[in-house]
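The values are calculated or read from the model by the stated rules, or taken from the named source; none is laboratory data. This is a predicted model, so every value here is computed, not measured. Here the Cβ positions follow ideal geometry from the backbone for every residue, glycine too, while neighbour counts run over all protein chains shown. What goes into the accessible areas is simple: the full protein's heavy atoms, side chains included, and nothing from ligands, DNA or RNA. Shrake-Rupley method; radii C 1.70, N 1.55, O 1.52, S 1.80 Å.
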Amino acid sequence: MSKIEELIFSKFTEAQKKGNDEIIVNCPKCADTKRHLYLNIKKKVFHCFKCGYSGTLKGFFDENYNDVNIRLLVDTEPLKEQPSLKDQHALKKIGFPEYFKFLDKNRSQIANEFRRYLYSRGITDEMISRYRVGFCYAGAYARRVIIPCFMNGELVYWIARAIFETDKKILNPSVPKKSVVFNYDLARMYDEIVICEGVFDAMSVGYNAVALLGKSISEEQCYMLAKMNAENRKKFVICLDSDAWKDEIEVAKKLYVFGLDVYLARLEKGDPNSISREELDSSLTQAVHFNFKILFNEI
């Protein structure tokens, strides 16, 4: 443990390590009790995802602990370099599968077969282009559309969906997806974010929707959405499949603890990709605000 880490743990009894580079504590500015303040010991900066309090570690300790020895420590201690989330993905060298081709502007006969499948799922040419959807015409991922997941401009994951029922439905890369949020880069531009299960669900909702690639949410995904929220305060509407109501509540609880403004949209049937636009819009419009009271009382 570095001296800075020792210092933080000595000053904050509730301190908890978060990954390689961060420690989370209660924010002294907003009477926080859920450890919303993130102290990055590598970059020597901090940010509270509840009240927005942020700055350098030197400034933080200057303001809260007027001790010259602390200031010198924060200023001068060399820190061991740890790979960031972005660097970790880069180290894995994620790339598209062999025989991958982008569908956009590809009008070959085989490409049109994949395009027809996407049309049947409600995916338009504009969406194919915006989401940079592709396909594999041979190899281990043959007969599959490939839907990429980009985060901070880098390819970090992709979904390979079979277009024929005789093939295994989903065959994805053998890399962890716990830090992956589909459509992260595009959705962060909007003030209202809709959280779905699968990529086709998110694509059906619109460019402001993300997918968790499952019914649950990881701590890493919560953190990524919280970082999105830190850029400017957003409204998060959870809209999982109709059979995942209890899962939706659990996702809401985790995001609420991270300080996000959370709403629950309940579908009466199916999923966002299988119901009509009118039914989907109605459910999103009637979304229920998730608050402290219902945090402890399942609705």
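Just the residues that are open to solvent by 50 Å² or more (accessible area, probe 1.4 Å), in contact (Cβ under 8 Å) with a residue 24 or more places away in the chain and outside any helix (DSSP H, G or I), please, taken from region 123-152.
Correct list: 132, 137, 143, 152.
If I filter region 244-296 down to residues being acidic (Asp, Glu) and within 28 Å of residue 36 (Cα to Cα), which single residue comes out as least open to solvent (accessible area, probe 1.4 Å)?
Once the filter is applied, the top-ranked residue is 248.
Which condition does residue 259 not pass, out of (1) in contact with a His (Cβ under 7 Å, 6 or more places away or on another chain); (2) modelled with pLDDT of 95 or more; (3) not polar (S, T, N, Q), if it passes all the others?
Of everything listed in (1) in contact with a His (Cβ under 7 Å, 6 or more places away or on another chain); (2) modelled with pLDDT of 95 or more; (3) not polar (S, T, N, Q), residue 259 misses just condition (2).
Any residue in region 230-243 that is free of Cβ contacts under 8 Å to residues at least 12 places away in the same chain and either over 15 Å from the mean Cα position of the chain (by Cα) or assigned to a helix (DSSP H, G or I) (or both)?
The answer is yes, given that some residue of region 230-243 is free of Cβ contacts under 8 Å to residues at least 12 places away in the same chain and either over 15 Å from the mean Cα position of the chain (by Cα) or assigned to a helix (DSSP H, G or I) (or both).
Could you list all residues from region 1-51 that are open to solvent by less than 30 Å² (accessible area, probe 1.4 Å) and part of a helix (DSSP H, G or I)?
Within region 1-51, 4, 5, 7, 8 meet the criteria.
What are the residues in region 248-276 that are part of a loop (DSSP other than H, G, I, E, B), under 17 Å from residue 213 (Cα atoms) and touching a residue at least 40 places away in the same chain (Cβ under 8 Å), if any?
271, 272, 273
If a residue must be open to solvent by less than 60 Å² (accessible area, probe 1.4 Å) and either touching a helix residue (DSSP H, G or I) at 6+ places or on another chain (Cβ under 8 Å) or within 26 Å of residue 34 (Cα to Cα) (or both), how many such residues does region 233-243 contain?
The number of residues fulfilling the criteria is 7.
Are any residues in region 187-197 open to solvent by 30 Å² or more (accessible area, probe 1.4 Å) and touching a Lys or Arg at 6+ places or on another chain (Cβ under 9 Å), and if so, which ones?
Scanning region 187-197 gives 188, 190, 191, 192.
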